[in-house]
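The values are calculated or read from the model by the stated rules, or taken from the named source; none is laboratory data. This structure is a prediction, so every number in the text was calculated from the model and none was measured. Here the Cβ is made from the backbone with ideal geometry for all residues, glycine too, and neighbour counts use every protein chain on show.
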Amino acid sequence: MTKDKRVEYIPAKPPKREKRVGIYCRVSTKSTEQLKSLTAQISTDLGFTL
């Protein structure tokens, strides 16, 4: 019987923390062009955070 003992050290991985963000979008009027602008702002900002 051989006494070949090996111990392999595996370091622990630190837990990943999720980042918390806030998104603020606004328009100045209720016109159709402003609604399109707001939609574009929201979709762009969500693309950065997801």
(request) Please go through segment 1-33 and pick out each residue that is β-branched (Val, Ile, Thr) and not in a loop (DSSP other than H, G, I, E, B). (result) Thr32
(request) Could you please find all residues in segment 8-50 being exposed (fewer than 10 other Cβ atoms within 10 Å of the Cβ) and charged (D, E, K, R)? (result) Glu8, Lys13, Lys16, Arg17, Glu18, Lys19, Arg20, Arg26, Lys30, Glu33
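Step by step: first the residues of segment 1-15, then only those that are among the charged types (D, E, K, R) and at pLDDT 85 or above, then the one that is nearest to Thr49 (Cα to Cα). Which residue is that?
In this case the residue turns out to be Lys13.
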